[in-house]
Structures are given as structure tokens and as C-alpha cells.
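The values are calculated or read from the model by the stated rules, or taken from the named source; none is laboratory data. What you see is a predicted model, and the numbers here were worked out from it, not measured in a lab. Note that we place each Cβ from the backbone using ideal geometry, even for glycine, and neighbour counts take in every protein chain shown. Please note that ligands, DNA and RNA were not included when accessible areas were found on the heavy atoms of the full protein model with its side chains. Shrake-Rupley method; radii C 1.70, N 1.55, O 1.52, S 1.80 Å.
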Amino acid sequence: MTDSVYFSLLGTPVCVVSPVAAASARVRACYGEPGRQPSAAPVVSASIRPDGAAWSIAVDGRAPVVAPDLIAAVRALNHELMHALMRRHQQLFFVHAGVVARGGRAIVLPGLSRAGKSTLVLALLHRGAQLLSDELLVYDPSARALLPFPRAVKVRDECVGYFAAYAPHFVGDGEGRFLPFTALDAAVIAPHATAGIIVAPRWQPDGDNQPRAITSGQGLLHLAQSALNFGSQRERSVDHLAALAGDSACFEMAWREPHAAASALLEGLEASLR
């Protein structure tokens, strides 16, 4: 029997089908409670199925991707869905970044893997911030707005100890561990936000958890290093990044303790509004 999970990303209906209950449950935990079946056929259709000893993931009519286990299959599904939405929303600009909002203004945390984006995002949510994404900044240049791309926040092994209050709610383990939306406040997802501060984080054992001001040009470079559709946007990419950096106060941060860093980030956002 095939189970269908419905949800929406960037206003686009998505349907993920699987004949395995454990796979459907993992997708539900990752993207929230299932929505109702839309009256029209979903714009993005996906499947996650066993394929012998492995798993097969197909999204939006593209050739299937093979993963060795369920954890890897869900990660592959997440990746394929992200790229499917990027292809369907080419008017938007995408950057690999964690993004949260407070009072309608965003804290943007650009960086590549293991910079600590998801850990800092979860610490910020714990302090009352709203989520846009722990991994993807979606920028609408026409509105100069940041849009939500919500997915359950990933929690790496080395960061579990920072979040004892959430520990009973974690789903999965290793690279597949995340915190479902049901463990957070019902209003945790922000509808949109405008730029506030851009902070390029890096974990450092002797970090001081304090943002240090950099120029808007340096902020632009941090965004450019993490941009995902620089090639398709071509010359407009620099304009988009310059607008984001120009609308924001820009910082770097060496952090070692996420809750102290989150407090400093929120103080930095408030200071930028004065």
C-alpha cells in the first residue's frame, strides 16, 4: 500500500509517495504534518521506494537517485526537492544559509557544511526566533524579501548535548537526526522577512561567541561563496547579493557555545534596528 505525504514549499504543492510506512513517517517529521490533497495535481511529485537492498528516490520526473539506507534516502530526497523548487522558481535567488527572523527582520548565517548554521538556528529558535530555513536562504529580488523554506532542523552528534530539553523529540541519528516541528512552538515558521544582519559563522574551540563587524563587500563575498544559482542568474547574481548585503549589517563570528552565540546574535539584530 502506497502512502502519500502532501505539503507545500515556496507556495508549490508537493506530494511524496512511498510504500514503506517508516519512510513516510520520516518525511512527515521532516516537513511537518501532512497537508490535504490539493484539488489539482501536485506541481512537484516525488517517490521514495526500496530498490533491492538500497532505496530509489525520484523527484519531478528526473532520473532516480539511489541511496544505501533510509537516512541517506531522506537526505537525497531533501536535496532533490530543493533543486526541483530552484528550477521551478528561477526568479528567486538561493544561498546556502541558515535564516531566522525576529520582528520581521532576518538573521542570515551563510556558510558551507559544518560552519554551525543548523546548531545556531536551533539555539535561536530556542530563544524565540522564527524559522525560515536552517539551510536555504530564498531571496525574492522583486520584493526584497526572504521567503521560508521550512524543514526540520538538523542536529549533528556533537551538538546533541547542547539541547537536552529537545532530546526526547529528536528523530533519527547521525547525519539523519533532526528536530520535528511538533517539538517547537506552533508559530515557529516565519511567513517572510526582510534583511537584518548577515553573520558568517565558524565553529572554533576558543571562539568568543561575539559578532565582529565587517564591510558590506565582505558580507557580499560570504554570500557569494555559498550562492547556489549564481550561474543561472549570471550578472544579476551580483546585484542580488549586493542588495542583500547593502540592506544588512554584516559580521563574522567565531563561536564555541551556541546559546551564548544566539544571545549575541539577537542583541546584534536589535542593535541594527536602532
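Overview of results
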read-out: Helix-only [θ]222 nm of the chain, DSSP H runs n ≥ 4, -39500 (n - 2.57) each, per residue, nearest 500; value: -9000 deg cm²/dmol
read-out: For the range 151-173 and the range 33-59, distance of Cα centres in Å; value: 26 Å
read-out: Nearest 10 degrees, 0 to 90: helix 117-126 Cα axis against the chain principal axis; value: 80 degrees
read-out: Sequence-distant residues sharing a close amide H with Val20 (under 5 Å, placed H); value: Asp3
read-out: Over 24 Å [Cα-Cα, the range 1-137], rounded percent; value: 36 percent
read-out: Note, ³J(HN,Hα) from phi for the range 186-201, Karplus 6.51, -1.76, 1.60, rounded to Hz, x at Gly and Pro; value: 4, 9, 5, 8, 7, x, 4, 7, 9, 4, x, 10, 10, 10, 8, x
read-out: Förster radius 22 Å - calculated FRET efficiency between Ala224 and Thr194, Cβ distance, rounded to 0.05; value: 0.60
read-out: Residue-normalised accessible area of the chain, expressed per residue, 1.4 Å probe, Å²; value: 44 Å²
read-out: Gyration tensor verdict on the range 48-199 (Cα atoms; rounded if a/c is under 1.5, prolate if a/b is larger than b/c, oblate otherwise); value: oblate
read-out: Summed side-chain charge close to Val199 - residues other than Val199 whose Cβ falls under 14 Å, Lys, Arg +1, Asp, Glu -1; value: +1
read-out: Phi to ³J(HN,Hα) by Karplus 6.51 cos²θ - 1.76 cosθ + 1.60 over the range 245-260, Hz, x for Gly, Pro; value: 5, x, 7, 10, 7, 10, 8, 10, 8, 9, 10, 10, 9, x, 6, 5
read-out: Using alpha carbons only: equivalent-ellipsoid semi-axes of the range 153-274, gyration tensor based, whole Å; value: 28, 19, 16
read-out: Degrees, to the nearest 10: 216-225 long Cα axis against longest axis of the chain; value: 20 degrees
read-out: Charge dipole magnitude, Cβ of K and R +1, D and E -1 - the chain, Cα centre, debye nearest 20; value: 360 debye
read-out: Calculated from backbone phi, Karplus (6.51, -1.76, 1.60) coupling profile of the range 149-164 in Hz, x at Gly/Pro; value: 9, x, 8, 3, 6, 6, 10, 6, 3, 5, 10, 4, x, 6, 10, 4
read-out: The range 21-81: relative contact order as a whole-number percent, Cα under 8 Å and 6+ apart; value: 25 percent
read-out: Ordering of 176-185, 104-113 by packing [mean C-beta count within 10 Å, highest first]; value: 104-113, 176-185
read-out: Apportionment of accessible area to carbon and sulfur, the chain, percent (1.4 Å); value: 53 percent
read-out: Sequence-distant residues sharing a close amide H with Leu136 (under 5 Å, placed H); value: Ala97, Val99
read-out: Value of D in µm² per second that Stokes-Einstein yields for the chain, Kirkwood Rh from Cα pairs, at 20 °C (1.002 mPa s); value: 113 µm²/s
read-out: Between 0 and 90°, nearest 10: helix 70-88 axis offset from the chain longest Cα axis; value: 70 degrees
read-out: Spread of Cα-to-Cα distances over 10 Å intervals beginning at zero, given as percent, for the range 97-166; value: 22, 52, 22, 4, 0
read-out: Sites Thr2 and Arg36, calculated FRET efficiency, Cβ-Cβ separation with R0 25 Å, nearest 0.05; value: 0.90
read-out: FRET E, pair Ala242, Ala22, Förster distance 51 Å, beta-carbon r, rounded to 0.05; value: 0.65
read-out: Rel. contact order, % - alpha carbon contacts under 8 angstrom, at least six apart, the range 57-146; value: 27 percent
read-out: Placed amide H near Asp208: partners under 5 Å, 5+ positions off or other chain; value: Ala254
read-out: Shape call, the range 6-51: gyration tensor on alpha carbons, a/c limit 1.5; value: prolate
read-out: Rounded D (µm²/s) - the range 142-216, Kirkwood Rh over Cα pairs, Stokes-Einstein at 4 °C, 1.567 mPa s; value: 84 µm²/s
